[in-house]
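**Q** For reference, the structure I am asking about is given below.
The values are calculated or read from the model by the stated rules, or taken from the named source; none is laboratory data. Keep in mind it's a predicted model, so treat the numbers as computed, not measured. Cβ: placed from backbone, ideal geometry, glycine included. Neighbour counts: every protein chain shown. Accessible surface is based on the protein model in full, side chains and every heavy atom, while ligands, DNA and RNA are left aside. Shrake-Rupley method; radii C 1.70, N 1.55, O 1.52, S 1.80 Å.
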Amino acid sequence: MAKQLSHISLVALAFFGLTFAYEPDALQDFCVADPNSSVNVNGKTCKNPTQIQANDFYFSGLHLMGNISNPLGLRVTPVTVAQLPGLNTLGISMVRIDLAPWGINPPHTHPRATEIITVLEGSIQVGFITSDPENRLISKVLYKGDVFVFPVGLVHFQRNIGSKCAVVIGALSSQNPGAITIGNAVFGSNPTITSDVLAKAFQVDKKLIDQLKAKF
């Protein structure tokens, strides 16, 4: 009986060891994303190391002002794994944010990343909202050289409060942080959320919901 229990214990240890064993650190120098691969993985498959060039780790353009001639007065220039294949598996990305005078980066969230920003030019109001049930707004005005961090997953925004264009550089803790803009997601989903659901959720008239949907 004791031998049987010992055998079962060894089998159990082996099973759990095989099931949960993994290497948390990188097992190679890099894993440049292969845009031509048809393999679906959590991230992107690796390009053949013998085919890697310096340009796989290079991006140019963050010195250029984005086109802010739009209703929001906003242009976001991302540098994620989609633009810079060498970021694959490294857990980091960047973004440039251009804001026209009184332009706004509307409330949004990055589901996979914390974001830290610094103001290069101008003055902006920033803020994020804590989760339910508090829903507390934490907000501050930033000036050139100031730094602010938005915790992962929390709804946040930036707004230019000056008379000149503002420029912000951000870093995010994911190669593909994702972005969910609240207005677009709620009023512009495809297929759409029915107006009666949104009317009850926001406690407003259905006609108002239909008007909001028309803008998205």
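**Q** Got at least one residue in the stretch 117-127 being touching a residue at least 60 places away in the same chain (Cβ under 8 Å), surrounded by 13 or more Cβ atoms within 10 Å (Cβ to Cβ), of a type in the set (G, A, S) and out of contact with any Asp or Glu (no Cβ under 7 Å at 6 or more places or on another chain)?
**A** No: the stretch 117-127 contains no residue that is touching a residue at least 60 places away in the same chain (Cβ under 8 Å), surrounded by 13 or more Cβ atoms within 10 Å (Cβ to Cβ), of a type in the set (G, A, S) and out of contact with any Asp or Glu (no Cβ under 7 Å at 6 or more places or on another chain).
**Q** Output the strands (runs of 3 or more DSSP E) that fall wholly within the stretch 111-216 and possess 3 or more residues being over 19 Å from L74 (Cβ atoms), or say none.
**A** By residue number, 137-142.
**Q** When both residues are 6+ apart or on different chains and their Cβ atoms are under 9 Å apart, which pairs have a first residue that lies in the stretch 57-79 and is open to solvent by 50 Å² or more (accessible area, probe 1.4 Å), and a second that is among the β-branched types (V, I, T) and assigned to a loop (DSSP other than H, G, I, E, B)?
**A** F57/V32; R75/I68
**Q** Would you check if there is a residue in the stretch 50-66 being modelled with pLDDT under 65 and either under 22 Å from the mean Cα position of the chain (by Cα) or more than 30 Å from G103 (Cβ to Cβ) (or both)?
**A** There is no residue in the stretch 50-66 that is modelled with pLDDT under 65 and either under 22 Å from the mean Cα position of the chain (by Cα) or more than 30 Å from G103 (Cβ to Cβ) (or both).
**Q** Identify, please: which residue in the stretch 104-116 is closer than 21 Å to N184 by Cβ and of a type in the set (A, V, I, L, M) and is, among those, surrounded by the most Cβ atoms within 10 Å (Cβ to Cβ)?
**A** Among those residues, the one meeting the criterion is A113.
**Q** If we keep just the residues of the stretch 23-49 that are open to solvent by 60 Å² or more (accessible area, probe 1.4 Å) and in contact (Cβ under 8 Å) with a residue 40 or more places away in the chain, which is nearest to the chain's Cα centre (by Cα)?
**A** Selected residue: K44.
**Q** Yes or no: the stretch 161-183 includes at least one residue that is on the phi > 0 side of the Ramachandran plot and open to solvent by less than 30 Å² (accessible area, probe 1.4 Å). Step through it out loud before you land on a result.
**A** Filtering the stretch 161-183 down to residues on the phi > 0 side of the Ramachandran plot leaves 178.
Checking the rest, the ones that are also open to solvent by less than 30 Å² (accessible area, probe 1.4 Å) come to 178.
Within the stretch 161-183 (the criterion being on the phi > 0 side of the Ramachandran plot and open to solvent by less than 30 Å² (accessible area, probe 1.4 Å)), the answer is yes, since at least one residue qualifies.
**Q** Can I ask one more? If you scan the stretch 85-103, which residues turn out to be more than 17 Å from the chain's Cα centre (by Cα) and either open to solvent by 20 Å² or more (accessible area, probe 1.4 Å) or among the basic types (K, R) (or both)?
**A** The answer is P101, W102.
**Q** To continue, here is another question. Are there any pairs, at least 6 apart or on different chains, whose C-beta atoms fall under 8 Å, with the first in the stretch 168-187 and farther than 21 Å from Q125 by Cα and the second crowded, with 17+ Cβ neighbours inside 10 Å and among the small types (G, A, S), and if so, which?
**A** S173/A113; S174/S93; S174/A113; Q175/S93; N176/S93; P177/S93; P177/A113; G178/A113
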